[in-house]
Amino acid sequence: MIKASQVLPTEAEGALAEIASDRQPAARVLVVDDEPAACKLLSVILGPPAFRCATACNGEEALLALQREQFDAVISDLQMPGTSGMELLTQVRQRFPLMAFLVTTGVDDVEVGIQAMRCGADDYLVKPLLESAVLASLESALHKRKLEQQVENYRLHLEEMVAERTGQLQAALQQIERSYEDTLQALGAAIDLRDSETAGHSQRVCHYSLEIARAMGWSDKQLSSLARGAYLHDIGKLGIPDGILLKPESLTADERKIMQLHVQIGFDLVKDIPFLSDAAEIVLTHHERFNGSGYPHGLTGEGILLSARIFAVADTFDAITSDRPYQRASSFESARDTIRDLSGIQFDPQVVNVFLSIPEETWPAIARNQRQIAEIPLGLHRKSSILRLGLGIIP
């Protein structure tokens, strides 16, 4: 049988532990006054267990104490030699914005109290001090500052949450962009599989177009749209019969009409895909000519999308400098001369001028680089970071 004397101490210890755990830690208060009697009075009022009080006889000493120790509140007289209570209040608010601050004054003047509260004081007390007034005012100020601290903690936590969610969103968007790139590369590979003689054409003409557009001062967003349209400009050829697409001789009039359908086929394929909708117009109009002799709508001059006018120069330039079933590749110099001769006829003169202003060595360098990329397996393109189709960083 267990004796009561053995049980009671254990129960008492548990009760005391529970009380101790519920008790709030004593608030640390710094009393600042050049009158020792005032400091002593407040030390008695603000004694344990609710408060722990320290004193300073002037503003300079108070600032040193605040640097050494952590306080929850300051109670300061306004009229002191040296650093006044108002000056101390200003410095405390700058260094410790969430610390409670009460001022005491021997002058029963409402204007003095209002001025102190405008400068950041939580309340003011008129001497002689009453214990009830001091405790009520201090507890109210501490409660107010505690709530402000909780709000500040919540704000900081909210900022952390927003930053974390933003990071997650950015990661998701990057994943979507990578998926878009994979999709475009797969479509480009499908086009190359149909026409092995023009393998790498889409990549080269894409980079040629971007080079011209950069020289014209285009933004990243404009470059992105141009890149997508340039890369997919021939996607409609997937719907053209091999007998026409791969024919080594010149096409008949009927065959040419069928070939020309590839721009409309390509446009219909991509126009309803949200991330390709801005590129669809390039797919549709990349065979329009500046003088109106192109297809499918015979557009002229600035009636043709500028990105399509840029692309037209890049497309013809690559066609001339690449081997095709119906012709052998010509030199880059010869291709530049042809572009110059067709300015104002097939091409926009403004675009031609920009194209001709770009150093000649730029174009063979791009061609060599794209041939190297064409030799990399498709699955390694993204890892190599060599090819970006305007969805991320455009090289």
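The values are calculated or read from the model by the stated rules, or taken from the named source; none is laboratory data. All values reported here derive from a predicted model rather than from experimental measurement. Here the Cβ positions follow ideal geometry from the backbone for every residue, glycine too, while neighbour counts run over all protein chains shown. Quick note on the areas: whole protein, heavy atoms, side chains included, nothing else; ligands and nucleic acids left out. Shrake-Rupley method; radii C 1.70, N 1.55, O 1.52, S 1.80 Å.
Quick check: net charge around Ala73, other residues with Cβ under 9 Å of its Cβ, Lys/Arg +1 and Asp/Glu -1? Write out the running numbers ahead of the final one.
Numbers: positive: Arg28, Arg145; negative: Asp72, Asp122.
Taking every other residue near Ala73 into account, the sum is 0.
Share of the stretch 108-178's accessible area from carbon and sulfur, percent, 1.4 Å?
Numbers: 2910 of 5000 Å².
Accessible surface attributable to carbon and sulfur in the stretch 108-178 totals 58 percent.
For the stretch 63-133, which GluC sites (Glu not before Pro) pass both filters: DSSP loop (anything but H, G, I, E, B) and at most 12 other C-beta atoms within 10 Å?
Here the GluC sites (Glu not before Pro) that fit, given the DSSP loop and packing criteria, are Glu69.
For the stretch 216-303, which GluC sites (Glu not before Pro) are both in a DSSP coil and crowded by at most 16 other Cβ atoms within 10 Å?
Taking the stretch 216-303 and a limit of 16 other Cβ atoms within 10 Å, the loop GluC sites (Glu not before Pro) found are Glu249.
Can you tell me the Rg and Dmax of the stretch 82-169, counting just the alpha carbons, in angstroms?
17.6, 61
Leaving out ligands and nucleic acids, and using a 1.4 Å probe, what accessible area per residue does the stretch 206-317 come to in Å²?
Result: 42 Å² of accessible area for each residue.
Tell me the per residue accessible area of the stretch 25-94 using a 1.4 Å probe; a whole number in Å² is fine.
Per-residue value: 48 Å².
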